[in-house]
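Written below as structure tokens is the structure these notes are about.
The values are calculated or read from the model by the stated rules, or taken from the named source; none is laboratory data. Nothing here was measured: the structure is a model prediction, and the numbers come from that model. For neighbour counting, all protein chains shown are included, and Cβ atoms are generated from backbone atoms with ideal geometry for every residue, glycine included. Only protein heavy atoms, including side chains, enter the accessible area calculation; ligands, DNA and RNA are left aside. Shrake-Rupley method; radii C 1.70, N 1.55, O 1.52, S 1.80 Å.
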Amino acid sequence: FFFCKMPKKEEKDYSALLESDVPKLREEAQKGNLSGALEGLFLLEKQTRQGGDFTTCAKIAREIVRVCYRAENWSQLNDTLVTLSKRRGQSKTVIQEAVQEAMSFLDSIDEIPVAIELIKILRGITEGKIFVELELAELTKKLAEIYEKTEKIKEAAKVLQEVQVETLSKMETKGKINYILEQVRLCLRSNDYIRAQILSRKINQKIITQEEFQEEKLKYHKLMIEFYGSQENYAEIARAYQSIFNTPVVQENEEEWSKNLKLLCIYSVLSPHSLEQSDMINRTNSLKKLDELPLYKQLLKHFLTKELMSWPAIEAQYSQELSSFPQFSGEAKEKLFETLQLRIVEHNIRVISEYYSRIRTQRLCELLGLDEAKVEERLSDLVVKGSIYARIDRPAGIINFRKPSSPVDTLNDWKGNVSELLNLIEKTCHLVQRENMVYQHAKVRGGK
């Protein structure tokens, strides 16, 4: 079989039409004859499309969209856009140019229902077409903004979630991150915390630590603070403030690093006691910039020192300072102060468990400044979490902090002690024998 190449369709240059025919049709539309002008423009569009001059065709398509917009005939504009996109053999460039031209008018349309309808038409045209994926993402974002302005937060969040921005090949990394952050923000506003967490995991932590993504990093962690605040996860909030504090752009601004370092100290001590929390407090305490904030350095020192703290004294010292933060105002204030008091009580119980093997319940109540029911509740919580070991003898009113050893442990300890004793005896015998040999040797030499 012999295959012959089909001859290429000869492309013609219709650019002259832009200067000869288009101005006349534009003037005709301005006089009120919109249908006549559109008819003439569509004939030019067909001529250029069939002639293969898609550059001129795209410019004519833009003019068609502009003519409808100037006439404020919104239904005609919507129909025209759909017609242009469905023309036989239509070029991708022409569709993209028409869509971009229509998008440029969205900000100047005051009537919200008209803008929403136009966006829906444009989204229908761009949906499923890779060459206009960026336009689809931008249109969806504009629609979400309109819904948000009209207080339709759930609709805005739902619409924006439809865009799988991580699959858009033409969008830059920074654009993708900002788009995902906007999705997370709207989910948080609509109280959809599960979706907000799922979306936040799409952001690569290693990328936002790079220098060119500092603003995105700050936005991300501020949103995460809002999310973890709803979950009362103070440890994660502290980590977020730690990341913000370590950002170079924050380090350069004294007011910013000072505020974030203070919040880091506060949420570090509000976090439940753990190895990670202890490590965070120690790391924060070793920061040189903390020396400029003596009040907060003293707060960390209280929790690092194995000494009892007095809640009334801490409250009197820090109440006014903490109330200056928005987080410690309104309804959340009482909850956060209760949590701080709880952490102080837990710290005191851990300190007492290290100094006492047994203590009377009445004495423990005096040391903690709580009634018996509260002491038992706090003590039980720490035992359940595994922070300490304790057993309460209610009839005797005694609390035992020492864990009784099993027979196997006792035997192992005895074995270890016996082994250590035998090693000491053997070493002593060896030293005695050595000294004896040295003495005998010196005696023999002295006799000679």
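List of remarks:
- Cβ separations smaller than 7 Å between residues 6+ apart or across chains give the following pairs from the range 223-241 residues that are under 22 Å from L275 (Cα atoms) and charged (D, E, K, R) to residues that are part of a helix (DSSP H, G or I) and open to solvent by 20 Å² or more (accessible area, probe 1.4 Å): E236/Y228.
- Scanning the range 35-72 for residues that are aromatic (F, W, Y) and over 14 Å from S15 (Cβ atoms) yields F42, Y69.
- Restricting the search to helices (runs of 4 or more DSSP H) fully inside the range 304-399 and requiring at least 1 residues that are open to solvent by less than 90 Å² (accessible area, probe 1.4 Å) and over 30 Å from L293 (Cβ atoms) gives 331-355, 361-368, 372-385.
- Comparison of R70, R66 shows that the only residue that is surrounded by fewer than 20 Cβ atoms within 10 Å (Cβ to Cβ) and closer than 20 Å to A16 by Cα is R66.
- Residue that is polar (S, T, N, Q) and over 30 Å from S274 (Cβ atoms), where the choices are N417, N400, N412: N417
- When T140, T80 are checked against the criterion of being within 25 Å of L43 (Cβ to Cβ) and either crowded, with 18+ Cβ neighbours inside 10 Å or under 29 Å from the mean Cα position of the chain (by Cα) (or both), a single residue qualifies: T80.
- Of residues in the range 151-193 being more than 18 Å from the chain's Cα centre (by Cα) and among the acidic types (D, E), the one surrounded by the fewest Cβ atoms within 10 Å (Cβ to Cβ): E151
- Those residues of the range 90-126 which are part of a loop (DSSP other than H, G, I, E, B) and either under 22 Å from F54 (Cβ atoms) or of a type in the set (K, R) (or both), in sequence order: Q90, S91, S104
- Count - residues of the range 280-296 that are closer than 19 Å to S243 by Cα and either open to solvent by 70 Å² or more (accessible area, probe 1.4 Å) or not aliphatic (A, V, I, L, M) (or both): 8
- Which numbered condition K12 misses (of (1) in contact with a helix residue (DSSP H, G or I) (Cβ under 9 Å, 6 or more places away or on another chain); (2) in a helix (DSSP H, G or I); (3) at pLDDT below 85; (4) open to solvent by 100 Å² or more (accessible area, probe 1.4 Å)): (2)
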